[in-house]
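To start, the structure under review is shown below, and the notes come after it.
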Amino acid sequence: QVQLVESGGGSVQAGGSLRLSCAASGRTVSFYVMGWFRQAPGKEREFVAGISRGGGSTQYADSVKGRFTISRDNAKNTVYLQMGSLKPEDTAVYYCAANGGPWGATMQDAAFGSWGQGTQVTVSS
């Protein structure tokens, strides 16, 4: 499995922006559909965004659509999540994940076999 390490988390005020990065090693990130998930305190882990192997297709949770953008640079073995117009309800640990299955499959966390350690994002009002 690919190894994933997230970075870029931090504390911001509501309305601010933050960019998360996911650096991959062990296998080229181009082998995988990539996704971002998040888990808030006391909540279940939820899907945030996904991107196809070549980066041509994306999928977003309704809660972040229009505010977040997922992208990838396969040459750098890195996936990004640009977060804008942040809200307090975006506060969570954000996880990068890799999915070896085909694009178009459901974006459930069970489909993602490799996970990073997570990076904390805190949005204050």
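The values are calculated or read from the model by the stated rules, or taken from the named source; none is laboratory data. The shown structure was predicted, so the numbers you read here are calculated from the model rather than taken from an experiment. Positions of Cβ are backbone-derived with ideal geometry, glycine not excepted, and every protein chain shown enters the neighbour counts. Areas reflect the complete protein model, heavy atoms only, side chains present, ligands, DNA and RNA absent. Shrake-Rupley method; radii C 1.70, N 1.55, O 1.52, S 1.80 Å.
Taking the Cα centre of the chain as origin, sum charge times position over the Cβ atoms of Lys and Arg (+1) and Asp and Glu (-1), and report the length of that vector in debye to the nearest 20.
240
Residues of the chain: accessible area per residue at 1.4 Å, in Å²?
49
Going out from 0 in 10 Å bins, what whole percent of all Cα-Cα distances in the stretch 1-94 drops into each bin?
16, 50, 29, 5
Treating only the Cα positions of the stretch 1-56 as identical point scatterers, give the base-10 log of I(q)/I(0) from the Debye formula at each q in 0.15, 0.16, 0.18, 0.31 Å⁻¹.
-0.57, -0.65, -0.79, -1.28
Going by average Cβ density within 10 Å per residue, which order do the peptides 112-120, 95-103, 23-31, 11-19 take, highest to lowest?
Result, highest mean Cβ count within 10 Å first: 95-103, 112-120, 23-31, 11-19.
For the pair residue 82/residue 109, report the inter-label distance in nm, with labels modelled 7 Å from Cα in the Cβ direction.
It is 2.8 nm.
Positive end of the dipole of the chain, charges at C-beta (+1 Lys, Arg; -1 Asp, Glu), about the Cα centre: which of 64, 122, 23 has its Cα farthest in that direction?
Checking the options against the dipole of the chain, the answer is 23.
Sticking with the crude label model, points 7 Å out along Cα→Cβ, report the distance from residue 13 to residue 30 in nm, one decimal please.
Inter-label distance under the simple model: 4.4 nm.
Where Rh is the Kirkwood radius over the Cα pairs of the stretch 52-96, the temperature 10 °C and the viscosity 1.306 mPa s, what D in µm²/s does Stokes-Einstein return?
135
Run down the aspartates and glutamates and flag those whose C-alpha is under 18 Å from the C-alpha of residue 43, throwing out any fewer than 8 positions away in its chain.
The reachable aspartates and glutamates, counting only those whose Cα sits under 18 Å from residue 43, are 62, 89, 90, 109.
Suppose each label sits 7 Å from its Cα in the direction of the beta carbon; what would the residue 58-residue 40 distance come out to in nanometres?
Here the modelled spin labels are 2.2 nm apart.
For residue 3 and residue 73 in one chain, what is 0.36 nm times their gap in residues minus the Cα-Cα distance, to one decimal in nm?
So the chain would gain 23.6 nm between residue 3 and residue 73.
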